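Everything below concerns the one structure shown next.
The values are calculated or read from the model by the stated rules, or taken from the named source; none is laboratory data. For clarity, every value in this text was computed on a predicted model and none was experimentally measured. With ideal geometry, Cβ positions are generated from the backbone for all residues, glycine too; neighbour counts draw on all protein chains shown.
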């Protein structure tokens, strides 16, 4: 990883500066440059104002990535849900109606009895291998979700 300034980051974004492919870390972002495209992740600092003036599109993109990063809620592990269901689902309530703890435990028991369930997958958050599922990770705590194999009670 090569350290660069925010001004260098802005020049790279504008393709004014074309360094060798690699990973470059500026205070405002870390980018992977393959020689034609950039993959950007926000850093810890705000973009330098001079760099923001040079490249408003970069400033806008970093602001968008920061908002997305702040809005992301970490999905709890199955172990955390079993240990302390209420607090583990408190932050998830914004994503939909959270199921009662009893309903969650019933669903989890059904999943554990199914040969398609892999509880340790996705860092302990569980995974369903059903080919009927559009989403491989069932959100067991959300009221509106259904088992792709129709094993959960309605």
**Study point:** Test set (1) closer than 30 Å to residue 126 by Cβ; (2) touching a strand residue (DSSP E or B) at 6+ places or on another chain (Cβ under 9 Å) - residue 19 fails condition number
**Key:** (1)
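For every residue, the table says whether it meets (1) closer than 15 Å to residue 2 by Cα; (2) in contact with a helix residue (DSSP H, G or I) (Cβ under 6 Å, 6 or more places away or on another chain); (3) not assigned by TED's automatic domain parsing to the domain that holds residue 11.
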| site | (1), (2), (3) |
| --- | --- |
| 26 | yes, yes, no |
| 34 | yes, no, no |
| 38 | yes, no, no |
| 46 | no, no, no |
| 56 | no, no, no |
| 61 | no, no, no |
Review point. Taking interchain pairs and intrachain pairs at least six residues apart, which have beta carbon atoms under 7 angstrom, with the first residue in segment 112-128 and under 21 Å from residue 88 (Cα atoms) and not assigned by TED's automatic domain parsing to the domain that holds residue 141 and the second modelled with pLDDT of 90 or more and crowded, with 16+ Cβ neighbours inside 10 Å?
Key: none
